[in-house]
1. It is to be established whether one or more residues within segment A:22-43 are at pLDDT 95 or above, within 14 Å of chain B (Cβ to nearest Cβ) and surrounded by fewer than 19 Cβ atoms within 10 Å (Cβ to Cβ).
2. Out of A:E472, A:E456, which single residue is surrounded by fewer than 17 Cβ atoms within 10 Å (Cβ to Cβ) and free of Cβ contacts under 8 Å to residues at least 24 places away in the same chain?
3. If you take the residues in segment B:145-164 that are away from chain A (no Cβ under 14 Å) and of a type in the set (A, V, I, L, M), which one is surrounded by the fewest Cβ atoms within 10 Å (Cβ to Cβ)?
4. Which of the strands (runs of 3 or more DSSP E) contained wholly in segment B:140-214 include at least 1 residues that are within 17 Å of B:G58 (Cα to Cα)?
5. Does any residue of segment A:342-358 turn out to be modelled with pLDDT under 95, touching a strand residue (DSSP E or B) at 6+ places or on another chain (Cβ under 9 Å) and among the acidic types (D, E)?
6. Could you tell me whether B:K365 is more than 24 Å from the chain's Cα centre (by Cα), away from chain A (no Cβ under 14 Å) and at pLDDT 90 or above?
7. Looking at segment B:310-329, which of the residues that are over 16 Å from B:G295 (Cβ atoms) and at pLDDT below 95 is nearest to the other protein chains (Cβ to nearest Cβ)?
8. For the condition surrounded by fewer than 16 Cβ atoms within 10 Å (Cβ to Cβ), assigned by TED's automatic domain parsing to the domain that holds A:I180 and either in contact with a strand residue (DSSP E or B) (Cβ under 6 Å, 6 or more places away or on another chain) or among the polar types (S, T, N, Q) (or both), what is the one hit in A:S332, A:S313?
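The values are calculated or read from the model by the stated rules, or taken from the named source; none is laboratory data. Just so it is clear, the model here is predicted, and its values are computed rather than measured. Virtual Cβ from ideal backbone geometry, glycine too; neighbours counted across all protein chains shown.
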Number of protein chains: 2
Amino acid sequence: MNDQMMQNFLLKRASLTPDRPAIYFADQTYTFSDVFDKAFHIAGQLTSLGLKRGQFAGVLLANHADSAFIYLAFQLLGVKAVILNNRLTAHELAWQMEDSDSLFLITEELFTLKSKEMEKSLPNVTIINKEDLFNSPFVEPIVVNEMNLNEVCTVMYTSGTTGFPKGVLQTYGNHMWSAIGSALNLGLTEQDCWLCAVPLFHISGYSILMRSIIYGMKMVILDSFHEKKAIDLIENEKVTIMSVVSTMLTRIEEELGDQRLPEHFRCMLLGGGPAPRGLLEKCMFKLIPVYQTYGMTETSSQIVTLSPEYSISKLGSAGKALFPSQLKIIVSNGKDAKPNEAGEILVKGPNITIGYLNREEETAKRIVDGWLSTGDIGYLDSDGFLFVLDRRSDLIISGGENIYPAEIEGVLVSHPNISDAGVIGMKDEKWGEVPIAFVTIKKDMKEEEMIQYCLEKLAKYKVPKKIYIIDEIPRNAAKKILRRNLRLLLNKNMKR
Amino acid sequence: MNDQMMQNFLLKRASLTPDRPAIYFADQTYTFSDVFDKAFHIAGQLTSLGLKRGQFAGVLLANHADSAFIYLAFQLLGVKAVILNNRLTAHELAWQMEDSDSLFLITEELFTLKSKEMEKSLPNVTIINKEDLFNSPFVEPIVVNEMNLNEVCTVMYTSGTTGFPKGVLQTYGNHMWSAIGSALNLGLTEQDCWLCAVPLFHISGYSILMRSIIYGMKMVILDSFHEKKAIDLIENEKVTIMSVVSTMLTRIEEELGDQRLPEHFRCMLLGGGPAPRGLLEKCMFKLIPVYQTYGMTETSSQIVTLSPEYSISKLGSAGKALFPSQLKIIVSNGKDAKPNEAGEILVKGPNITIGYLNREEETAKRIVDGWLSTGDIGYLDSDGFLFVLDRRSDLIISGGENIYPAEIEGVLVSHPNISDAGVIGMKDEKWGEVPIAFVTIKKDMKEEEMIQYCLEKLAKYKVPKKIYIIDEIPRNAAKKILRRNLRLLLNKNMKR
């Protein structure tokens with residue numbers, strides 16, 4: 001009973017609906033049959049290079065149809081993919097390769113500088129560019145016809161609050177249940193087509209690939225996000241669902257102007273942190289069907305999503321835990337929070353990671369009785385809807401008052417002259433910490449004006465003590481603000 | 001890892017979408033919130049009567065919204081429902097109650113004759129009519145907030161080769177995966193509404209109730225099938241999907257005449273045995289979207305279904321195993337059959353029963369390495385599509401009900417005057433098939449007497465329509481009845 005065997009997802013899908021479109025990339029459409037043929041051929045080439053079932057192997061790739069084929073070849077072979085974030089430095093990447101005991105790295109010429117650098121500290125690792133892989137000989141691969149849902153499919157590293165990255169183990173079952181939870185909430189039709197303009201190396205992108213295979217649904221892959229391209233693809237490829245983070249949605253909303261998205265488009269799945277209320281309101285006004293979600297690498301993508309019928313009445317909420325999953329808020333004494341009382345968000349369900357690679361202690365600490373401590377702060381309103389306030393590490397405590405940076409950032413970007421904002425805490429003798437902001441502006445503006453604007457919208461203790469105008473707010477590939485980089489900036493500014 | 005905990009399905013659904021319509025019955029619509037309130041109240045009344053978590057308890061009910069509420073109350077309490085077929089005789093029902101050690105029977109006044117009769121042979125069983133149950137005091141129930149997917153939810157009896165019925169154990173996980181497999185094939189939209197005109201005590205009906213809860217979808221319950229009522233409901237209640245067996249579909253097709261079903265209707269899910277090709281062609285002509293399926297109590301409803309894109313090109317096929325499941329054909333030497341070669345159908349997947357209640361030996365014989373031997377005969381064409389040739393060589397399917405000859409033969413030879421018996425199916429315009437018996441007698445006896453004897457022991461649909469007295473029942477060396485010889489005899493008799 002422990003084992004839950006299921007046919008290899010790609011094999012199954014290629015057998016069920018071989019002729020349906022599966023992947024669209026760079027003006028080319030691949031059916032599920034095509035995708036299987038590609039992945040099978042690559043599996044044979046990986047076999048000739050020595051990759052074997054059960055191994056961990058690194059993958060460092062850009063957003064491209066080839067990357068999807070390579071990921072799926074790994075699944076055919078039962079090789080566990082350590083999926084690397086291509087924006088990291090060679091130093092960070094090498095660390096993850098070593099931590100996961102990966103002996104192979106599949107990458108591409110685009111990242112030659114990084115891989116050359118990595119090579120120096122990874123003498124035992126075979127590094128292969130996809131360009132060479134695709135010219136390698138083919139050896140009939142041993143395909144995993146049936147796999148166990150408890151088997152590890154992918155590993156993705158997250159930093160989290162502690163600083164050192166940890167490899168999050170995602171099983172086939174985690175991915176399957178994530179896809180099921182999403183379908184039970186959003187529904188599923190033969191017309192569905194999901195636009196992937198987020199990185200495939202993130203769970204946000206990889207989960208779209210898994211849904212494509214499990215649902216038998218077309219996915220459109222963009223090499224990188226561009227608002228105009230995205231709008232064109234939604235129109236021309238009949239995209240019905242798109243995954244976005246706030247900054248992407250802002251750019252789409254602005255690019256649209258007076259335009260509307262076409263009728264067939266039914267869901268803008270918004271993740272990657274709490275969204276500014278102003279943006280949600282603008283989207284509502286333009287009839288952009290935004291579904292707020294909450295999720296993380298450890299939950300194999302969204303775990304909390306706002307049901308369609310509440311998108312307006314509960315604007316700003318991330319919704320309720322998807323059908324297979326559960327959610328609760330715990331206050332400092334370990335008890336369940338009361339409605340509207342903020343505390344730590346805990347989640348449970350079959351989409352939750354089985355743990356961190358080689359980190360049993362950390363796993364046991366973070367996952368107790370199936371409940372994952374997310375470290376994030378939020379509350380449930382009296383109807384049980386989740387409102388995410390912020391990540392715990394970002395929490396600014398000033399004179400005993402909790403300050404959530406996202407709230408201040410939301411206010412700043414609601415000003416027509418401010419395009420982006422990031423807020424951090426600064427040590428302060430009197431208050432412990434005070435909030436400090438960094439902004440990018442569209443039009444020249446004085447600091448005093450911005451502070452005055454905040455004073456109108458926020459309690460005085462939340463108003464930034466200092467606002468720096470910079471060229472760009474540092475964000476990671478998932479568009480999350482890199483607050484530690486802001487902290488470095490702050491230190492530099494202070495020393496001057 | 002063995003346990004897979006999930007929130008109680010009804011609790012979860014009532015929390016996610018309380019205001020969506022859930023059940024429509026007799027001009028009344030109940031939301032999921034209403035359904036929860038009803039089930040919760042009944043759970044409290046069942047508690048006051050003494051039902052407790054983990055028990056098996058019988059349920060003998062008609063198609064009615066109340067029955068759905070009672071089934072769901074059982075789920076809230078974690079009581080395993082032994083779901084009884086209300087067409088069976090008191091004798092057959094009492095046997096199933098004893099076999100499952102059920103100490104409670106929830107029934108209704110409609111079945112008073114049967115339950116009074118059952119009472120005689122079940123001195124320790126508390127029999128409660130729903131009419132009394134609904135007037136019972138309420139005691140705050142202990143609701144199972146989280147349940148294990150491996151836990152048994154329902155037991156449904158099927159006969160089989162041995163003659164004696166066996167209780168098929170269906171877990172919460174079995175029902176969940178069955179619903180998932182169906183959604184991944186048929187899709188799922190907010191507009192979906194499933195018409196249940198098949199019995200709720202069958203897996204065909206009960207599985208619609210489970211889908212309603214898991215999907216958050218409205219189901220329409222009909223007390224009994226009537227073609228005109230069904231067509232009206234499809235129109236007025238905006239039904240999109242309906243489960244049917246051939247006889248029901250024939251009556252709908254005939255009733256329609258030159259009419260068409262409305263545009264919103266998208267799927268006629270056809271189960272209960274191979275369909276006549278003529279009927280499928282007539283439906284194609286009238287644009288009735290028929291999806292042939294194959295499934296059984298042991299697979300918790302459909303396990304093989306024809307995908308929409310093949311409904312015409314593979315007319316007559318039951319399709320391929322649903323996404324979570326697998327299928328193979330085995331020939332007599334135990335090897336996989338070649339394409340187009342007929343053999344026994346084996347199925348595997350998370351929707352397959354964990355076994356037969358208290359029948360470990362039979363379970364071990366029927367389920368090997370996760371593969372269930374169905375006893376049914378079929379072949380896969382060169383594209384891998386299943387064509388079911390015959391349900392278990394001897395199985396008789398009459399109006400969607402399975403009739404096992406061995407069971408009728410057992411009843412016949414239990415009469416002191418009858419020495420041997422053989423039963424086969426005869427083609428019938430109305431029912432598809434009806435049972436016909438051949439007997440050898442010890443003492444002169446009239447056909448009417450034998451039929452009267454059967455009526456006392458067997459559900460009416462199982463009683464042979466004709467009983468022939470012959471000199472010897474043809475048997476092979478292993479004493480197995482040669483049913484094909486009986487068929488020849490029948491043809492001879494018919495020609496006279």
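1. yes
2. Result: A:E456 is the single residue among A:E472, A:E456 that is surrounded by fewer than 17 Cβ atoms within 10 Å (Cβ to Cβ) and free of Cβ contacts under 8 Å to residues at least 24 places away in the same chain.
3. First pass over segment B:145-164, keeping only residues away from chain A (no Cβ under 14 Å): B:153-164.
If we keep only those that are of a type in the set (A, V, I, L, M) as well, we get B:155-156.
Working: B:V155: 27, B:M156: 24.
Applying the filter and picking the extreme gives B:M156.
4. Details: elements: B:146-148, B:152-158, B:166-171, B:193-196.
Passing ranges, in order: B:152-158, B:166-171.
5. yes
6. no
7. B:Y310
8. Values: A:S332 fails: assigned by TED's automatic domain parsing to the domain that holds A:I180.
Testing whether each residue is surrounded by fewer than 16 Cβ atoms within 10 Å (Cβ to Cβ), assigned by TED's automatic domain parsing to the domain that holds A:I180 and either in contact with a strand residue (DSSP E or B) (Cβ under 6 Å, 6 or more places away or on another chain) or among the polar types (S, T, N, Q) (or both) leaves just A:S313.
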